[in-house]
Amino acid sequence: MGKRKKSTRQPGAGRTKIPPLDTVFTCLFCHHERAVSCKIDDRARIGYLSCKICGQKFSADTDSLTQPIDVYSQWIDACEDVAAQEDA
Ligand SMILES: [Zn+2]
């Protein structure tokens, strides 16, 4: 009885979609969101962060697996180290 509706699947629904990687972050110094952008120099294996608002810069050694978020977390660690030293 009746026609069976063909399942309405959205085209491309089965495809695995890789979400774009975050390359912009909140600045640890001026706290502006999306103010810090990260670039990774694959040849030199160095990741660079810079804040477009306050001009803070950071760079870290990377390897082929390093993502911008990893450079950012290294920046957080480095800032915490500095803060700890200033506390002492
Ligand atoms: Zn900043």
> With each pseudo-label sitting 7 Å past Cα toward Cβ, what's the Cys54-Asp81 distance in nm, one decimal?
Replying inline: 2.0 nm
> How much accessible area per residue does segment 24-87 have, in Å², with a 1.4 Å probe?
Replying inline: 69 Å²
> Which percent of the accessible heavy-atom area of segment 24-87 goes to carbon and sulfur, probe 1.4 angstrom?
Replying inline: 46 percent
>> How would segment 24-87 be classified by its alpha-carbon gyration tensor: rounded, prolate or oblate, with rounded meaning a/c under 1.5 and the a/b versus b/c comparison settling the rest?
In response: oblate
> Amide H of Gln56: which non-local residues (sequence gap of 5 or more, or other chain) have their own amide H closer than 5 Å, using H built in the peptide plane?
Replying inline: Cys51
> Which lysines, on any chain, are close to Lys39 with Cα under 26 Å apart, when same-chain ones fewer than 8 places away are left out?
Replying inline: Lys17, Lys52, Lys57
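The values are calculated or read from the model by the stated rules, or taken from the named source; none is laboratory data. Fair warning: this is a prediction, and the values are worked out from it, not measured in the lab. Cβ coordinates were reconstructed from backbone atoms using ideal geometry, including for glycine residues, and neighbour counts include every protein chain displayed. Surface areas here come from the heavy atoms of the whole protein model, side chains and all, with no ligands, DNA or RNA. Shrake-Rupley method; radii C 1.70, N 1.55, O 1.52, S 1.80 Å.
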